[in-house]
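Heads up: the structure comes next, in structure tokens.
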Amino acid sequence: MKKLLLATLFSAVPVSAFAAPEVVVSIVPLHSLVAGVMEGVGEPELLLKGVNSEHQGSYSPQQISHLGHADLVFIIGDNLEVKLGEISGTETVSGKTFVKLNQTSGLVTHHIREGGLWQAHESEDEHTADNQNDPHIWLDTQNAIIMTKEIATTLAKIDFVNGATYTSNARKQIAAIEKLELELASDLRPVANQPFIVFHDAYQYFERRFGLNAVGSISDYSANPPSANRLAEIRSKILNSKAVCVFKEPQYSDAAISTVIEGSAARLGVLDGLGAKLTPGKFAYGQLMRDLAQNLRNCLDGSAFTIRP
């Protein structure tokens, strides 16, 4: 009787319930891509939640404990999740597989831009080290497609039972991203030539993919506090370029915005490349990208009221 009961219980539970790997993901947009690939198999755990900086966000003991139990940890790379990079080699998480997606073959990558007006590196060598490349790779839809493939392949290697599901989900997700790219290109085309300033230099993948005219950033790619010289440089750029908009971000103080925008005709907008206020899950990536496009267009064409600091 006991053997019959056990057989009945196990036959009623899907195979995926036993086979699903424990997966942890660092940031909302990457979590969204992983969640889409894992749909029907399991739910990945999100580390960085709410209004926290991708560069400066810290992790609780409970979150570090999750790392210690994970089969896979998907991150962008050490030059994005700096705090996570500091603990990835500790005893607590030793031996865990950290998948650094900025090392994925075939990615479109751009060098870190230097200075508020973005002086390029002298070398444009394709083999530049990852820590010299801008880490905000998910903001290029073509990179999201490449990462989706890598995520599915990586999951299938440790969970071959659900390999077909990962592959099928990845195909659906890629088709959705391809459709999203066409949609955003159409939405942004009318404002492509309008000059604007961003708070921190996180958007060049989005700018380049959709042909936008960003002309400077108040802070650098890591969102470090801007120097007085940099603020003066950006203030001059806003006036001389007749920048239409200056964009702040929910993760960072906007105190510097008041300094650089004073006396100009620039409108104030908001950009969030991390999805701080979005509901995590498979739809978050698409919503994040649409929100960026809508907020850019609303400010640049003046179709939405913007509040000055």
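The number of residues in region 265-304 being surrounded by fewer than 16 Cβ atoms within 10 Å (Cβ to Cβ), under 23 Å from Gln194 (Cα atoms), touching a helix residue (DSSP H, G or I) at 6+ places or on another chain (Cβ under 9 Å) and of a type outside the set (A, V, I, L, M) comes to 4. Pairs are defined by a Cβ separation below 8 Å, a sequence spacing of at least 6 or placement on different chains, a first member in region 288-302 that is within 9 Å of Leu271 (Cβ to Cβ), and a second member that is among the aliphatic types (A, V, I, L, M) and in a helix (DSSP H, G or I); the pairs so defined are Leu292/Leu139; Leu296/Leu188; Leu296/Val191.
Residues considered: Thr141, Thr148. Of these, the only one that is open to solvent by less than 20 Å² (accessible area, probe 1.4 Å) and touching an Asp or Glu at 6+ places or on another chain (Cβ under 7 Å) is Thr141. Residues of region 217-254 that are assigned to a helix (DSSP H, G or I) and β-branched (Val, Ile, Thr): Ile234, Ile238. Filtered by the rule that a residue be open to solvent by 30 Å² or more (accessible area, probe 1.4 Å) and either of a type in the set (Val, Ile, Thr) or at pLDDT 90 or above (or both), region 201-222 gives Arg208, Arg209, Gly211, Asn213.
To keep it simple, each residue is scored yes or no on (1) at pLDDT 95 or above; (2) polar (S, T, N, Q).
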site	(1), (2)
Phe199	no, no
Asn224	no, yes
Glu233	no, no
Pro250	no, no
Ala256	no, no
Val260	no, no
Leu268	no, no
Asp291	yes, no
Cys299	yes, no
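The values are calculated or read from the model by the stated rules, or taken from the named source; none is laboratory data. Everything numeric here is computed off the predicted structure, so don't read it as measured data. Methodologically, a virtual Cβ is constructed for each residue, glycine included, from the backbone with ideal geometry; neighbour enumeration extends over all protein chains shown. Please note that ligands, DNA and RNA were not included when accessible areas were found on the heavy atoms of the full protein model with its side chains. Shrake-Rupley method; radii C 1.70, N 1.55, O 1.52, S 1.80 Å.
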